[in-house]
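Peer 1: Below is the structure I would like to discuss, written out as C-alpha cells.
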C-alpha cells in the first residue's frame, strides 16, 4: 500500500494506517531522536509523543510541501529540542572528565568506531545506499530514484553492503540485520 493512501487513511483517523506508517518510519525517527537526546528511555517516550502528534495533526500534512518523512522528522526534532530545553539537558551539569565506569565508555566508543570504520571501508555507492535507507529513512523505491539506479540494482547494493559489513563487523551486525529484516 502506498504512503499516500496510508496518509489519507491516517487523516481519516484510521488506526491501521497509523500502525503501518509507524512500522515504516519509527526506526529512522527513533535513530534521529536517540542521537539528539542520548537517552533510550527518553527517546522511546519522545518517539511515542511524536507519533501521537502525527495522529492528532495528520490533517496538517500536505504532500505538495514535502515528503512525509520530513514532516515527521521536524515534529520529532521539535519534540526533542523542547524536551532538552525544559530539562536543562542543553547545559552541561556533570563533570565529564571523570567517568564512573571507564571500561563501559571505552567499549561503546570502540564498538562505534569499529562499525563506523567498517562502513567507511565500503564502496561509495554502498555507503550512500545505507545512508539513504537507514539514516535518512527513505524507502528502497525512493532511494533508488535518488541514486538514479534501477530498483533491483539498489537492492543489491543494500544486500552487498550488509554482507560486507557482516564480514567486517560480525559482533552486533548479525543482530542488526535480523532487526532490520524484521522491520521490513
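Laboratory data are not the source of any read-out in this text; all were calculated from the coordinates shown. No experiment lies behind these values; they were computed from the predicted model shown. Methodologically, a virtual Cβ is constructed for each residue, glycine included, from the backbone with ideal geometry; neighbour enumeration extends over all protein chains shown.
Peer 1: Hey, rough spin-label estimate for residue 151 and residue 65, points 7 angstrom out along Cα→Cβ, what's it come to in nanometres?
Peer 2: Going from the residue 151 label point to the residue 65 one covers 3.0 nm.
Peer 1: Can you give me the Cα centroid spacing of region 139-155 and region 1-50 in angstrom?
Peer 2: After rounding, the separation between the Cα centres reads 23 Å.
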